[in-house]
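Reading through the C-alpha cells given below for one structure.
The values are calculated or read from the model by the stated rules, or taken from the named source; none is laboratory data. Keep in mind that this is a model prediction, so the values were computed, not measured. FYI the Cβ positions are ideal-geometry reconstructions off the backbone, even for glycines, and counts take in every protein chain you see.
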Amino acid sequence: MARTLWDDALACIKAAKDSEDYRAIQSKLPPTDGSAASAELLANTNVPTDQEVAHLMGFHVRLGQCRSLVLQAASPHPASVAAYTQLYADIDEAFARLVQRKMTWGQYAQAGARSLAAFHTHSNEAEKTLIPLSRNGGVYRLFAIVNGSYRGEFVLDSGASDVSLSQSFLRVLVNGGTITKADLGPVQHYRLADGRTVPSQTFRLRSIQVGDKIASNVLGSVAQGEDADMLLGQSFLRHFKSWSIDNAKHALVLE
C-alpha cells in the first residue's frame, strides 16, 4: 500500500517522541494520546530548569518539523487546516511562556488541555459538510453527481429505503457505460406512499457525491415513471456518521 502524507506526518511525530529530549521531560508534559493529564501534573507549581528548557527546545524543534506534513495532509479540508493552525498557535504561545518561566508545568498542562478541547470542537465542525437545499412542492431538493459524471436533482427522502432514479436518468447511465449488467441486482418490491407495492429493478451505483462527500457502492432502484422524481434515500444517508437538516441555513448536514 502506498504511503500517504498522513503516514509521513505520523512517522515524523513518532520520531520526535522517540528522541532523547522528549524522554527526558515526558513525565512533565501533558499526554499526547488524548487522555487527561494527571492531578499531580496539573498541580505541579515548578517552572522548568535550565536543562529542562534545553530539552523542551530540542523537542519543540523536532515536532515543528512535522507541522508542514500535517498541514499538507489536511490540505483537502480547509476547515481542518484552520483547526490545526489555531492549535499550533495556542501551543506556541503556551510554550513560549513555559520556557520563559512565566508558566508552571501545571499551568502548561492546563493550557494544553484547553487547546486540545478547542481543537476537537473545531475538528468535529470541520468534518461536517453543508449542502444547500431548495424547498419546492413541500419537499427538499438538492443536486448530486452520480457515478462521477452525471448530475441530477433529487428529493431528499429519509423515508425511502434506497436511492431511486427515474427511468430516463437510468437510461443515461446505462448508455454512458457507468451501469452495466454486472451492476444489476434482483427485482425487489417497494411500498409506495399510497400503499401500493410495485416491483423495481435494483442496481449498484459506483458513487454518489453531494458537496465534498462521496458515498460508494450505493444501492439504487428505478422509479415508476419516465421522469419521476428521483429520491436520495437511506442507502445513501447511512454511509455517513450522521445527517441532519439545518432549517436556519436550509442545508443538509453530513458528517
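Assorted remarks:
- Taking the stretch 1-38 as the range and being within 16 Å of V53 (Cβ to Cβ) and surrounded by 13 or more Cβ atoms within 10 Å (Cβ to Cβ) as the test, the residues that pass are S19, D21, Y22, A24, I25, Q26, K28, L29.
- Of the residues making up the stretch 207-250, those that are closer than 17 Å to S134 by Cβ and buried (at least 19 other Cβ atoms within 10 Å of the Cβ) are V210, M230, L231, L232.
- Filtering the stretch 207-250 to residues that are assigned to a strand (DSSP E or B) and over 21 Å from D183 (Cβ atoms) leaves K213, W243, S244, I245, D246.
- Options G159, G148, G185: the member that is at pLDDT below 95, surrounded by fewer than 14 Cβ atoms within 10 Å (Cβ to Cβ), more than 23 Å from the chain's Cα centre (by Cα) and more than 16 Å from Q201 (Cα to Cα): G159
- Search result, residues across the stretch 48-58 that are buried (at least 18 other Cβ atoms within 10 Å of the Cβ) and of a type in the set (A, V, I, L, M, F, W, C): L56
- Exactly one residue out of I179, I145 is assigned by TED's automatic domain parsing to the domain that holds E226, farther than 29 Å from A248 by Cβ and not in a helix (DSSP H, G or I), and it is I179.
- The helices (runs of 4 or more DSSP H) located wholly in the stretch 1-114 that include 2 or more residues which are small (G, A, S) and in contact with a helix residue (DSSP H, G or I) (Cβ under 6 Å, 6 or more places away or on another chain) occupy 5-17, 50-74, 78-99.
- For R204: the one exception among (1) assigned to a strand (DSSP E or B); (2) touching an Asp or Glu at 6+ places or on another chain (Cβ under 7 Å); (3) crowded, with 16+ Cβ neighbours inside 10 Å: (3)
- Against the conditions (1) assigned to a helix (DSSP H, G or I); (2) exposed (fewer than 14 other Cβ atoms within 10 Å of the Cβ); (3) touching a Lys or Arg at 6+ places or on another chain (Cβ under 7 Å), L130 satisfies every one except (1).
- Selection status of L63, at pLDDT 95 or above and surrounded by 17 or more Cβ atoms within 10 Å (Cβ to Cβ): no
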